[in-house]
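Worksheet for the structure shown next.
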Amino acid sequence: MGHCFVDLEAQPLPSWREAFHDARWLARERLAELPAESAGIVWCRVRAGEAPEDVLQDYSPRPGRHLVVLADEPDEAMVTRALAAGAAGCCNTHAAPEVIRQVALVVENGGLWVGQSLLSRLIGDTARILARRETPEAHDDWSGLLSEREVQVARLVASGESNKEIARELAITERTVKAHLTAIFEKLGLRDRLHLSLRVNGLPL
């Protein structure tokens, strides 16, 4: 199957077509007709005022098939409800093609795409819970695999700071922060910020 975009009508937005020109376009009323053996990513649009659990009621999960919600109003509540409905990610309906391709890369590799705001809050909550523990977990030697600057970036990510906040604190550009994160993920064999936070905070992945 590859990529299948689902909306009220089988009419793709220009950004969807640019992201994956060979994708399939499907009207929502035919969502239940997806072949059982089809693998890939199903991108399902949830319009303003709709609930993802209602839109996805005819969707059937299958091994090798991932679901991403394209939300017209992608706030934290929408992201949470999309994940509860079985989605592996939720992003803005009108995201740029390069963002859509990035979402696909993360999801296809087993990661979750939840948006920067919710991800930072989840990571921050995890860090605060660990800080209150009487007996901290023993951390592994992840820091020995990174440069001094990469260790600084990793620790700030694990405390829930955004790229903009890290750039300001370290007096570097956001682009440099992203470059450090790319190197960190590669060196530690991690997929995303949440897994990095778990690794830094000594929790099992």
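The values are calculated or read from the model by the stated rules, or taken from the named source; none is laboratory data. Note that the coordinates shown come from a computational prediction; the quantities given were computed from them, not determined experimentally. Accessible surface is based on the protein model in full, side chains and every heavy atom, while ligands, DNA and RNA are left aside. Shrake-Rupley method; radii C 1.70, N 1.55, O 1.52, S 1.80 Å.
Hydrophobic, long helices, defined as DSSP H runs whose alpha-carbon span along the helix axis is 20 Å or greater and whose mean Kyte-Doolittle value is at least 0.0, occur in the chain at 116-131. In the context of the full set of protein chains, the chain has a per residue accessible area of 53 Å² (1.4 Å probe). Spatial offset of region 142-172 relative to region 15-74 amounts to 35 Å, using the alpha carbon center of each.
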